[in-house]
Each structure stands twice: as C-alpha cells, then as structure tokens.
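Only one structure is covered here, and it is reproduced in the block below.
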There are 2 protein chains.
Amino acid sequence: MKPSIKAFVFDAYGTLFDVHSVTEACNDFFPGKGADISQSWRKKQLEYFFLRQVMGRYAPFDQVTIDALRYAVKEQQEDLSHEQEIALLDAYKKLDSYEEVKEVLSALQGRKLVVFSNGSPTMLEPLVKHSEFFSLLTDTISVDKVKQFKPSPASYSLVLEELNVRREEVLFMSSNGWDISGAKSFGFHTAWINRTGLPEEELGLTPDCVYTNLKGILEWLE
Amino acid sequence: MKPSIKAFVFDAYGTLFDVHSVTEACNDFFPGKGADISQSWRKKQLEYFFLRQVMGRYAPFDQVTIDALRYAVKEQQEDLSHEQEIALLDAYKKLDSYEEVKEVLSALQGRKLVVFSNGSPTMLEPLVKHSEFFSLLTDTISVDKVKQFKPSPASYSLVLEELNVRREEVLFMSSNGWDISGAKSFGFHTAWINRTGLPEEELGLTPDCVYTNLKGILEWLE
C-alpha cells in the first residue's frame, strides 16, 4: 500500500519541460552542431550547479545557464555573439513541456501540485506561466530563495517550509537521477521518471519507483 | 614577478597519473568498448564526488570508483563480474604517470613537493609508492582525513594544516579545470595543466597560468 501523500512535487527541467527543445535554435546558429551543443550545454549547466554548491559560490540559474552555454559553444570552436546568447537564453524560457503533463496534473487536482527547481524566478516563472498547465499548479518554488542548489539537503528543506508538510508526506518526481538520489537521501518519497532508459545511479539510494513517464504516478492516488 | 612559493602541491589523477591508462584493461574485458567505458568511468567518478559532497554523503574513493565503474559498464549493456571489478580497481592502483613528472620534480628538489588528492589512502598510497618519483615527494595528503571532497573549501584547507603554510604560499597544479577553480576560489596560486586543449571553465575563476604539461611550472622557481 502506498503511503499518504500531501504534496506532489515536480522537478521542472527534464521532468516537466524538455531541455533539448533548444536544439533547433542552437542548430539555426550553428548548423549541424545543434544537438552536440544542446547536450553539452545541459551537461555543463548541471556540473556548474554541483561545483558552485561544493565551492560555496551560488550564482542564479540564468548566469549558470549562460556560463554553460558559453563553454558548450567554445568546445565546438564556435563564437557566440551577444545577440545569440540572448536569443538562446530566451529559448530556455519557452521550452516544450512533455505531452502527458497536463493530463496527469488534471487527474491529481485537489492536492498540492508544486514545481520545485534550481531555476531562478526570472527563468522559471515565465516558463511555467506560459505552459498549458499553469492553472493546475498550486505553487512554484525556486531554490533561489535559499541560494542552495539541489541536491543539497538545504534545498529540499525549503519545500517543507514553503508547503508546511513533513518530508514523508512528499512524493517527489524527477527525470534526473541525481535529483532523485538527493531527494531520497533527504527523506522524500521518490518517483524517478526515467524517460530515456538510463541505468540507475550507483549512489546507494534506490528510488521508491521508476516510471517511463509521469502517468505512472497516478498509482499513488488513494 | 612570481610570488614566493613554499609548497608545490599536485593533484594526482589526470595531473601526475593518466586515468585512461585503464583503457586497455577495460578493453580486454569488454572488447571494442574499452575507451567508452574508461571515459564514462572517469566522468561518473567525478560526478559522484561532487554529488556526494553536495548531499553530505562522503564515501571513500575506492567505493566511489567501484560505483562509477558499475554505472559505466551498465551503460554499455554489459555485465561486470566480481573478478573483473577487482582486476579493474587494481589497475587503478597502477596507472601510468606522465613522462615529464620525474624531471620536473627533480628540478624542484629542496621545496615541499606534495600530492593532494580525492583518493583515499588504500588507493592513493600504492599508486604513489610504485611511481618512479616517489622518493622525490615530501608528502602525500588524502582528503579522506577530513572526509570532504575537492573542490570544497574544507578539503583545500587540509593542505594548510598538514603543511603549516599560508594559502598564498601554495602553488597548486591540476589538469582538472574544476579543481583549479576550487583551488583558486580558496586562495591558492594555480597552474592549470591543460594536457588536452580543453576550453577554460566558465566559473569566473581564471587560473594564474596555463601550461600544456608540468614543465611550465619551472618558471615559478626563484
């Protein structure tokens, strides 16, 4: 039997929204290199979250995202103009959402339905507000409020303060294995949305369940 | 003019020793996949250091290294036997050193010449002791003593305690851009040994100098 869940908390990037929907915009500027730049951009963005958290040098999501883009473009021996930088950062505010999100959030109505992300408000709010499921959400929480990136315990702790729930009352969904590991370590129930068939992380923290998309979490409804 | 340096401190993996000298051993077990597994193994090992540091779940280097190997092998849809695991971990204690290391350490004799690594003593000590330059070193320091991985400030701080020097008296060498960023953020002088022509990290922390191999640091001699 599934435990009683008071808050369904969703990671944003990769979980509700497809970060690689910037591939086409990258390809317009750097023909033939769009997919490589998009992959490297995301990889470096994550690495910089982790490194900045370890070094104690928090910077907001938009800065980290620009830094990561600059690295990804340099890596391809290309030059990035200021206009291209602004256009690609803007594309990051208009990512496509995954097709099942609206249906799943509709089926969960009446519960706390929350987005919780490393995104800072300037990037996260336009993205969420322009989505087709904005009206179905009850809260959007950014780690920027405490300036501690996921997967630090201090970041997940913000969810408890903001929602006034206990950790065992939270079901946390993410497509990012590292985010599921961090949430599990903190004490949330966890559902790993393994969209691309990745191996499970080897961090000694098994997710409570694994689904190929968000529809799987409907079995947590009482 | 270069500042006065009391301690020349070297990262181990990637800087003195070639982590990809395990490629052949990987290829013996997984024909045609040795290079991919070796690359992924190292990448995942670093990611697990950073994630464990962020989550507050330190584990010694040998465990993290085995975990990363298991992930890398799973990613290639291969099975790893216990014997293969032991053999590959053993190969990690016998990595090749880079060809210029002995010559550079010889030229620096009379100074504190120190290895400082995320490696735990069970992995790091056999590696260093079996190298051709062991007798030229004055100290080997493992983060395991404080159980804080680089690039955390707490890890670099251990160097000051162990060597009884001030941070501005240290020249720190690493081939790992993230390690140079962390050391620079902490306050060491830094020389990035950029062996493979990588772009500079976009973390707002420029290394004091960049060389293609360790010979470049000889210009810091007074």
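Taken together, the values in this text are just the output of simple stated rules run on the coordinates, not laboratory data. Treat the numbers as computed from the prediction; the structure is a model and nothing was measured. Cβ sites come from the backbone with ideal geometry, for glycine too, and all protein chains shown count toward neighbours.
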By how many degrees, 0 to 90 and rounded to 10, does the Cα axis of helix B:61-75 deviate from the longest principal axis of chain B?
50 degrees
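Using Cα-Cα distances under 8 Å and only pairs 6 or more residues apart, what relative contact order does chain B have, in percent? Provide the component values of the computation, followed by the final result.
Numbers: 365 pairs, mean separation 53.6, N = 222.
Taking the mean separation of contacting Cα pairs over the length of chain B, I get 24 percent.
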When the helices in chain B are scored as -39500 (n - 2.57) per DSSP H run of 4 or longer and the sum is shared across all residues, what 222 nm value do you end up with, to the nearest 500 deg cm²/dmol?
-12500 deg cm²/dmol
Set of aspartates and glutamates near B:K74 by C-alpha distance (under 14 Å), chain-local residues within fewer than 8 positions excluded:
A:E200, A:E201, A:E202, B:D36, B:E85
Test item: A:53-66 mean partner chain Cβ contacts at 10 Å
4
Overall form of the range B:146-222 per C-alpha gyration tensor (a/c, 1.5; a/b vs b/c)
oblate
Could you work out how far helix A:82-91 tilts from the main Cα principal axis of chain A, as a 0 to 90 degree angle to the nearest 10?
20 degrees
Taking alpha-carbon centroids only, the range A:111-177 lies from the range A:1-56 a number of Å equal to 15 Å
Taking the label point 7 Å from Cα in the Cβ direction, how far apart in nm is A:T206 from each other copy of itself, listed shortest first?
5.1
Name the most mobile residue of B:G119, B:G182, B:G197, meaning the one with the largest mean-square fluctuation, in a Gaussian network model of chain B with Cα contacts below 10 Å.
B:G197
Peptide A:193-203, shielding by other chains (average Cβ, 10 Å cutoff):
4
Pick from A:R42, A:R57, A:R195 the residue whose mean-square fluctuation is largest in a GNM of chain A, springs joining Cα atoms under 10 Å.
A:R57
Over 24 Å between Cα atoms, which of A:K147/B:K150; A:K102/A:K147; A:K43/B:K102; A:K44/A:K112 qualify?
A:K102/A:K147; A:K43/B:K102; A:K44/A:K112
Rotational relation B to A, axis-closest Cβ in chain B, residue and distance rounded to whole Å:
B:F50, 2
Straight-line reach check, B:K2, cutoff 15 Å on alpha carbons, 8 or more apart in-chain or any other chain, hits among aspartates and glutamates -> B:E168, B:E169, B:D208, B:E219, B:E222
Could you derive backbone 3J(HN,Hα) for the range B:105-121 from the dihedral phi with the Karplus parameters 6.51, -1.76 and 1.60 (θ = phi - 60°), listing whole Hz in sequence and x where the residue is Gly or Pro?
5, 4, 5, 9, 3, x, 9, 6, 10, 10, 9, 9, 9, 5, x, 7, x
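Rounded to the nearest 20 debye, what is the charge dipole size of the protein assembly as shown about its Cα centre when +1 sits on each Lys and Arg Cβ and -1 on each Asp and Glu Cβ?
Numbers: 48 positive and 66 negative charges, 242 e Å.
It comes to approximately 1160 debye.
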How far is B:R195 from itself in the other copies, in nm, if each label sits 7 Å out from Cα along the Cα-Cβ line, shortest first?
3.7
Just want to confirm a number: the relative contact order over the range B:19-91, from Cα pairs under 8 angstrom separated by 6+ residues, in percent.
33 percent
Note down the nm distance, to one decimal, between modelled labels 7 Å out along Cα→Cβ at A:K74 and at B:A91.
3.2 nm
Evaluate the charge dipole of chain B about its Cα centre and quote only its size in Debye, nearest 20, assuming +1 on the Cβ of each Lys and Arg and -1 on the Cβ of each Asp and Glu.
600 debye
Tell me which of B:L127, B:V19, B:A154 sits at the most positive position along the dipole axis of chain B, charges placed on C-beta atoms (Lys, Arg +1; Asp, Glu -1).
B:A154
With angles folded into 0 to 90 degrees, how steeply does helix B:34-55 sit against the dominant principal axis of chain B? Use alpha carbons for both and round to 10.
60 degrees
Distances in nm from A:Q39 to the matching label points in the other copies, shortest first (labels 7 Å along Cα to Cβ)
0.8
With +1 assigned to the C-beta of every Lys and Arg and -1 to the C-beta of every Asp and Glu, and no other charges, what is the dipole magnitude of the range B:19-91 about the Cα centre in debye, to the nearest 20?
440 debye
Comparing B:S142, B:S106, B:S97, which has the greatest mean-square fluctuation in the GNM of chain B with Cα pairs linked when under 10 Å apart?
B:S106
